[in-house]
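Q: My questions all concern the structure below.
Read-outs: derived from the displayed coordinates by stated rules, not from any lab. This one's a predicted model, so the numbers in the text were calculated from it and none came from an experiment. Note: ideal-geometry Cβ built from the backbone for every residue, glycine included; neighbour counts use all protein chains shown.
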2 protein chains.
Amino acid sequence: MSIGEFDLIARYFTRPAVARQTPGRVALGVGDDCALLQPSPGMQLAISTDMLVEGRHFLSTVDPVRLGHKALAVNLSDLAACGAKPMAFTLSLALPSVDEAWLEGFSRGMFALADEHGCELVGGDTTRGPLNISITVFGEVPPGAALLRSGAKAGDDLWVSGTLGDARLALEAFRGTLSLPAQAFVLARARMEAPSPRVALGQALRGVASAATDVSDGLLGDLSHILRASGVGARVDADAAVERIALRSMPASDIDLNIDIDMLRLCALSGGDDYELVFTAPVGAREAVERAGRDSQTAVARIGRIEAEPGVRIVDADGAALAQRFTSFDHFG
Amino acid sequence: MSIGEFDLIARYFTRPAVARQTPGRVALGVGDDCALLQPSPGMQLAISTDMLVEGRHFLSTVDPVRLGHKALAVNLSDLAACGAKPMAFTLSLALPSVDEAWLEGFSRGMFALADEHGCELVGGDTTRGPLNISITVFGEVPPGAALLRSGAKAGDDLWVSGTLGDARLALEAFRGTLSLPAQAFVLARARMEAPSPRVALGQALRGVASAATDVSDGLLGDLSHILRASGVGARVDADAAVERIALRSMPASDIDLNIDIDMLRLCALSGGDDYELVFTAPVGAREAVERAGRDSQTAVARIGRIEAEPGVRIVDADGAALAQRFTSFDHFG
């Protein structure tokens, strides 16, 4: 890009100090060769990175404000899954052209979410190229306190935060494989395009959950990472998962939605793009989990149980095994 | 990508612990939601990120081994410019398809350079999409010791490390605007495709250099960042810069090269892709700079002087002002 274009881009990603929520941990931000971060004494640094590509992680029709939100949200979701407190992030952006309206919207959506979580943009890179958004986030967590995938034990409850499946319902509506009433589509689309990373819940679950990960590729696919890392299996109540679909709790939506139960189970169990937490905790920690949910104003629900036998057994509300197959969500694969 | 493809990619970027130079600072690496890093007590964390796009930062014909090297090298060069010691990095990769030979070469080139600098891959992301390589590096530096762009003072010497202009000569040869003898082309191409980040020199210059940055977009363009941040100007000896072209010190190359002086000055002053350090230091620190060069086995040369008057004055070996205009290098723009 020309120097003029670089200046233009810089305008949207450089903010006066007064607009930033300076947490005092950023010794040097955007504008030198490196950013300098001063971690709190003794804390571990949690790092995660996610790359978003048009047509794969978002549709070309998405509102840039929501895209800016989502690009950071999917990264914050990884910090949440570790129980880390967000500190800072870097943004690398390849743009096919310099579109001021797009940059204004994208940066506004991104900074709104960043400010909500006290997470400061400390550096980045911009180049011309096919649209690509690559963010790396940094958080901090006390040594030994990070939530890992490897701590699940047979007998633990299986929990999920928030809602499941609505993002996938929106995607299926975009694809034309089902139709949604207008109001339901608006809600589902917001879940797909503007997920809420469960940052506060993740921190509240430190010392409570035995294992955790975030649900990005679908509940069953992400749960399998916990099971493999922990050397255990699970029994999952498909109908308890279906109960987590937000659209189902809209007034009279059971009738209006008119979607068959197999599709609802598919969306809840293999939906993708939920950005909720799936986690395990001992039965004795049920009250503590409920309290973590209340303290972080995030719904939590039990949807199954960890078992010693490897693999996943999917059952209905009556405990009967389901024959339906569920494959992992591969975004817009 | 399908699950099988993900496994394939993971194979090239996950190494057994024995192959890693485990520095004991990485508490948790690839394979959970976040990597966990334990910075040394009291140290500041230096962070930088660079995104490489095909056709812009590298040619499609590049050897994947060299591309893996270069993708990490340009990031390490930013740590060098801050005087930071490399610790770890993340890699996000968008690939149009899964090409095993390419992945094998790319990862081999990347890990060879990573091992040379004790820098561990701690996380990443892979997705299908137009080829895009986004790396974020982490280093550490004692508080207050980082080399910044803002410390240059009138009267300081202007220094540059290593060699200048050879990468641009290779690019011009690829473009067909000049021709190089075969042996010279091999050398120039290696400078373009496999730059050497000046990591050891950067650390040796802590407490010695007054300001520093790395030369990625061409000497004059990158120098201008120091001048702006420091509120000063500079006088640059174009012929001292031309002396830094490595091809010129090949036996009899002055005759063989047969490239006019304007082109040589352009390549040295606005070349791009050099990944050297340009830095300033008080006149009284000349011996200390020479020692830092010797200790890090990196050539250093004086090519000018910082002046109070803003702007850059380019002169020849006799101190006469040059009329030639130099614009900043914009990669393959």
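Q: Among A:ASP295, B:ASP222, A:ASP239, which comes first, then next, by fewest other beta-carbon atoms within 10 Å? Please report the intermediate quantities before stating the final value.
A: Details: A:ASP295 12, B:ASP222 23, A:ASP239 16.
So the residues, fewest neighbours to most, are A:ASP295, A:ASP239, B:ASP222.
Q: Return the long-range amide H neighbours of B:VAL215 (sequence gap of 5 or more, or a different chain), with a cut-off of under 5 Å between placed amide H atoms.
A: Here the answer is B:TYR275, B:GLU276, B:LEU277, B:VAL278, since their amide H atoms fall under 5 Å of that of B:VAL215.
Q: Out of all DSSP beta bridges in the protein assembly as shown, what portion is antiparallel? Express it as a percent rounded to 5.
A: 75
Q: Rounded to the nearest 500 deg cm²/dmol, what is the calculated helix-only ellipticity per residue at 222 nm for the protein assembly as shown, with -39500 (n - 2.57) per DSSP H run of length n ≥ 4?
A: -10500 deg cm²/dmol
Q: Rounded to the nearest 10 degrees, what's the angle between the helix A:100-116 long axis and the longest principal axis of chain A, both from Cα atoms, 0 to 90?
A: Around 60 degrees separate the two axes.
Q: What's the local net charge at A:PHE279, with K and R +1, D and E -1, over the other residues with C-beta under 12 Å away?
A: Counting the neighbours of A:PHE279, the net charge comes to -2.
Q: If you don't mind, another one. Provide the percentage of antiparallel DSSP beta bridges, counting only those with both residues in the range A:3-141; round to the nearest 5.
A: 70
Q: While we're on this one: Under 13 Å from the 7 Å Cα→Cβ point of B:ASP63, by amide nitrogen: which residues of the range B:84-109?
A: Residues B:105-106, B:108-109 qualify, since their backbone N sits under 13 Å from the label point.
Q: Then there is this: I'd like to know which of A:GLY271, A:ALA212, A:ALA246 lies farthest towards the positive end of the charge dipole of the range A:157-315, counting +1 on Cβ of Lys and Arg and -1 on Cβ of Asp and Glu.
A: A:ALA212
Q: Explain nothing, just the number: relative contact order of the range A:221-301, from Cα pairs under 8 Å at least 6 residues apart, as a whole percent.
A: Relative contact order here is 27 percent.
Q: Could you compute the FRET efficiency for A:MET250 and A:ASP295, with r as their C-beta to C-beta distance and R0 at 25 Å, rounded to 0.05?
A: Taking R0 as 25 Å, the efficiency between A:MET250 and A:ASP295 is 0.40.
Q: From the phi angles alone, apply the Karplus equation (6.51, -1.76, 1.60; θ = phi - 60°) to the range B:222-229 and give each ³J(HN,Hα) in whole Hz, x where the residue is Gly or Pro.
A: Each residue of the range B:222-229 in turn: 6, 4, 4, 5, 5, 4, 5, 5 Hz.
Q: Can you tell me the orientation of helix A:182-193 relative to chain A, as the angle in degrees between its alpha-carbon axis and the longest Cα principal axis, to the nearest 10?
A: 60
Q: Oh, and also: Once the dipole of the range B:157-315 is set up with Lys and Arg at +1 and Asp and Glu at -1 on Cβ about the Cα centre, which of B:PRO282, B:LEU180, B:GLY162 lies farthest towards its positive end?
A: B:PRO282
Q: Given labels modelled 7 Å from the Cα in the Cβ direction, how far is it in nm from B:VAL186 to A:ASP7?
A: 4.6
Q: Continuing with the same structure: Other chains' Cβ within 10 Å of B:85-91 residues: what's the mean?
A: Partner Cβ neighbours, averaged per residue: 2.
Q: So, one more: What is the local net charge at A:SER210, summed over the other residues whose Cβ is closer than 11 Å to its Cβ (Lys, Arg +1; Asp, Glu -1)? Kindly include the intermediate steps, with their values, before the conclusion.
A: Numbers: positive: A:ARG149, A:LYS153; negative: A:ASP156, A:ASP157.
With Lys, Arg at +1 and Asp, Glu at -1, the net is 0.
Q: Take the alpha carbon gyration tensor of the range A:109-225, find the square roots of its eigenvalues, order them as a ≥ b ≥ c, and report rounded if a/c is under 1.5; if not, report prolate when a/b exceeds b/c, else oblate.
A: Because a/c hits 1.5 or more and a/b fails to exceed b/c, the range A:109-225 counts as oblate.
Q: Of the candidates A:SER179, A:SER210, A:SER196, which one comes out as most mobile in a Gaussian network treatment of chain A with C-alpha springs shorter than 10 Å?
A: Result: A:SER179 has the largest fluctuation of those listed.
Q: Right, here's the next one. One decimal, nm, shortest first: give the distances between the label point of B:PRO310 and those of the same position in the other copies, each label point 7 Å from Cα along Cα→Cβ.
A: The projected label point of B:PRO310 is separated from its counterparts by 6.8 nm.
Q: How big is the dipole moment of chain B about its Cα centre under a simple scheme where the beta carbon of each Lys and Arg is +1, that of each Asp and Glu is -1, and everything else is neutral? Debye, nearest 20, please. The partial results should precede the final answer.
A: Working: 30 positive and 42 negative charges, 111 e Å.
For this selection, approximately 540 debye.
Q: What is the magnitude of the charge dipole of the protein assembly as shown about its Cα centre, with +1 placed on the Cβ of each Lys and Arg, -1 on the Cβ of each Asp and Glu, and no other charges, expressed in debye to the nearest 20?
A: 1020
Q: Using the Cα gyration tensor of the range B:157-315, with a ≥ b ≥ c the square roots of its eigenvalues, what is the shape: rounded (a/c below 1.5), prolate (a/b larger than b/c) or oblate (neither)?
A: Because a/c hits 1.5 or more and a/b exceeds b/c, the range B:157-315 counts as prolate.
Q: Let me make sure I get this right: for the protein assembly as shown, a, b and c are the square roots of the gyration tensor eigenvalues over alpha carbons, sorted descending. Under 1.5 in a/c it's rounded, otherwise prolate if a/b > b/c, else oblate. Which is it?
A: prolate
Q: If you take every DSSP beta bridge whose two residues both sit in the range B:76-164, what share of them, in percent to the nearest 5, is antiparallel?
A: 55
Q: Express in nm, to one decimal, how much length is gained between A:ALA288 and A:ARG313 on full extension, taking 0.36 nm for each residue of separation and deducting their alpha carbon distance.
A: 6.3 nm
Q: Another question, if that's okay. Lone cysteines in the protein assembly as shown, defined as no other cysteine's Cβ under 4.7 Å from theirs: which are they?
A: Cysteines of the protein assembly as shown left without a disulfide-compatible partner: A:CYS119, A:CYS267, B:CYS119, B:CYS267.
Q: To the nearest 20 Debye, how big is the dipole of the range B:3-141 about its Cα centre, given +1 on the beta carbon of each Lys and Arg and -1 on that of each Asp and Glu?
A: For this selection, approximately 260 debye.
Q: Here's something else I'd like to know. Just A:GLY144, A:GLY221, A:GLY109 to compare: in a GNM of chain A, with alpha carbon springs under 10 Å, which one fluctuates most?
A: Ranking A:GLY144, A:GLY221, A:GLY109 by mean-square fluctuation puts A:GLY144 first.
Q: Within 13 Å, Cβ to Cβ, of A:PRO64, how many net charges do the neighbouring residues add up to if Lys/Arg are +1 and Asp/Glu are -1?
A: Charge balance near A:PRO64 sits at -3.
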